[in-house]
Amino acid sequence: MSNVNAKAVGECCIVCSEEKRIGIHLYSSFICYECEREMVETETSDPLYKLFVQRLKKVNTPEIYS
């Protein structure tokens, strides 16, 4: 189940790197609605799948503030 957020300013999607207003938060990362839909519908044999996996690895990398 996904939590859809709409913000006035928008946020940068970790998959497409574009500012979008509607999407989901996965921990502290934002994924736009369009990318979420495309990821869900992409077959694992599609070369685009590997790109999605690479972009989603950003979610596991915690940001360190000094």
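The values are calculated or read from the model by the stated rules, or taken from the named source; none is laboratory data. Not measured: the values here are computed from a predicted model. As a convention, Cβ positions derive from the backbone with ideal geometry for all residues, glycine included, and neighbour counts pool all protein chains shown. Side chains included, ligands, DNA and RNA excluded: accessible areas come from the protein's heavy atoms. Shrake-Rupley method; radii C 1.70, N 1.55, O 1.52, S 1.80 Å.
Counting residues in the stretch 20-37 that are at pLDDT 90 or above and in a loop (DSSP other than H, G, I, E, B) gives zero. Residues in the stretch 7-19 that are assigned to a loop (DSSP other than H, G, I, E, B) and of a type in the set (Gly, Ala, Ser): Ser17 only. Whenever a residue of the stretch 32-48 is under 22 Å from Glu19 (Cβ atoms), its partners that are open to solvent by 90 Å² or more (accessible area, probe 1.4 Å) and not small (Gly, Ala, Ser), lying with C-beta atoms within less than 8 angstrom and at least six residues away or across chains, give the pairs Cys32/Glu18.
Do you know which residues across the stretch 19-56 are aromatic (Phe, Trp, Tyr), under 9 Å from the mean Cα position of the chain (by Cα) and open to solvent by 70 Å² or more (accessible area, probe 1.4 Å)? Tyr33, the sole residue that qualifies.
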